[in-house]
1. Report, in deg cm²/dmol and to the nearest 500, the calculated mean residue ellipticity at 222 nm for the chain, where each DSSP H run with n ≥ 4 adds -39500 (n - 2.57) and the sum is divided by the residue count.
2. Work out which trypsin sites (Lys or Arg not before Pro) in the chain are exposed loop sites (DSSP not H, G, I, E or B, at most 11 other Cβ within 10 Å) and give the longest gap free of them.
3. Could you give the length gained by full extension between Leu74 and Gln19, i.e. 0.36 nm per residue of separation minus their alpha carbon distance, to one decimal place?
4. State, as an integer percentage, the relative contact order of the chain based on alpha-carbon contacts under 8 Å between residues 6 or more apart.
5. What number, in percent, do you get for the relative contact order of region 60-126 if the mean sequence gap of Cα pairs under 8 Å and at least 6 apart is divided by its residue count?
Amino acid sequence: MIIKKENLKEFIGKLKNEQKTIVMTNGCFDILHIGHVEYLKKSKSLGDILIVGLNSDSSVKKLKGPTRPINSELDRAGVLDALKAVDHVCIFDENDASSLMELCQPDIYTKGGEYRIEELPEYATATKLGCKIVLVDMVKGKSTTNLVNQINQH
């Protein structure tokens with residue numbers, strides 16, 4: 001289900017009352033590929049509910065450059081929402097997911113294994129919330145940037 005940021009607090013309260021383990025991750029998910037799917041499956045396996053924070057079109061442009069995103073935020077949200085591993089998708093405008101994390105109050109926060117925990121923009125927020133951070137191994141060679149580069153070579 002795609003959920004609006006302004007509805008998260010009440011929704012999360014219900015999940016917490018049900019004692020659900022909430023896992024949160026975030027990203028651009030511009031051109032979905034097997035690396036994304038495996039990452040989301042591994043993230044979901046860590047808890048009961050997986051919430052994916054999805055960078056808005058404007059934040060993707062700031063992070064990835066003027067030619068991105070390739071797919072609109074609503075298209076990207078719809079594709080993520082169709083995946084079995086994803087329970088909820090929430091679009092956010094900021095460059096990092098710290099404010100979304102404060103609303104979601106996740107038990108576990110996942111990011112790709114290419115990061116170092118202490119270097120995550122959300123590290124301070126996760127620490128403040130007592131949220132466990134898990135780095136999930138990525139599928140080697142699978143990234144949207146690699147796909148875009150391959151397409152541009154043809």
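Please treat every number below as a calculation from the coordinates, not as lab data. A quick note: this is a predicted structure, and the numbers were derived from the prediction, not measured. Counting neighbours? That spans all protein chains shown, and the Cβs are built from the backbone with ideal geometry, glycine included.
1. -11500 deg cm²/dmol
2. 5-83
3. 16.8 nm
4. Once normalised by length, the contact order is 30 percent.
5. It rounds to 26 percent for region 60-126.
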